[in-house]
Amino acid sequence: MNLTDYTFLLNKPEAINDRYADTLDDVLSTFPYFQSARVLKLKHLYNQDSFNYNYALKITAAYTTDRSILFDFITSDSFVSVQKGLYEKKLEELMNMTVIGSEHLVVEAKQPIIDPIEQSIRTSIKEATSEEQKAEEKLAIGKPLEFSKNEKHSFQEWLQLSRLKPIVREEVESSIDIEKKKKLELIDKFIENNPKITPIAKDAPAPVIEPISEDTSYLMTETLARVYLEQKKYSKAIQAYEILILKYPEKSSFFADRISDIRILQQNNNL
């Protein structure tokens, strides 16, 4: 890929095709911190409705210096608009496809004798798998997550990366030891002074601590519910759709169906 081609893609990212995408992979393998190349590849995955898009979004965010710029890009009109010509071309090819002929083959084979218990187990597994696949299709598992401009919270939830254990260097350890020693000395000095603590009277009223409750339901969106679902946080996803039922009662039937499908996934993944 030369400079002219790359400049063209930057100005018209919807023009990225498979050939350009392969070239971008080569560029990223050599220059992993090339941020504009990563967002161009991300755009291609979005256009293809690829199941790799959601994961690639996390990787792109990890290599992005300012994630707010990335958020503005993926919620922009130029990013969300999918190349219509690509779908129209595929549809035209399918409609104009000519079937020359077909053959119906009948293969006779001896059916092996299967133990009834084994047959029952196989049937149960097949039904459970089929049920789970249907639930995943209805829930659009793996489809690209689409964030609106007012869903920064959902975007940040999706980009939660695994927390790495920080490297503790020798100088840090020594400073911690010094601080710990100072605290132990203060405790020893306190005990040496033999302080007297006045006991609490038996008839003194117990202090009432009221739990702090913060209503965060205003942050709940369908995209955030999908984020929890993609993260396989099924309990959170169910809770999210329950909140959405209260927020949007006109869609309660739709959200209730989502909850039923999630429970299927939850049950099958807990086996």
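The values are calculated or read from the model by the stated rules, or taken from the named source; none is laboratory data. Keep in mind it's a predicted model, so treat the numbers as computed, not measured. Cβ sites come from the backbone with ideal geometry, for glycine too, and all protein chains shown count toward neighbours. Please note that ligands, DNA and RNA were not included when accessible areas were found on the heavy atoms of the full protein model with its side chains. Shrake-Rupley method; radii C 1.70, N 1.55, O 1.52, S 1.80 Å.
What to note about this one:
- Hits in the range 10-42 (condition: within 24 Å of the chain's Cα centre (by Cα) and not in a helix (DSSP H, G or I)): 32, 33, 34
- When 250, 179 are screened for being of a type in the set (Asp, Glu) and either open to solvent by 100 Å² or more (accessible area, probe 1.4 Å) or modelled with pLDDT under 70 (or both), only 250 passes.
- Among the residues of the range 32-56, the one identified as farther than 23 Å from residue 19 by Cβ and either at pLDDT below 90 or of a type outside the set (S, T, N, Q) (or both) is 33.
- In the range 11-65, residue least open to solvent (accessible area, probe 1.4 Å) [restricted to those that are in contact with a His (Cβ under 9 Å, 6 or more places away or on another chain) and among the polar types (S, T, N, Q)]: 50
- Residues that are outside any loop (DSSP other than H, G, I, E, B) and surrounded by fewer than 17 Cβ atoms within 10 Å (Cβ to Cβ), drawn from the range 133-152: 133, 134, 136, 137, 138, 152
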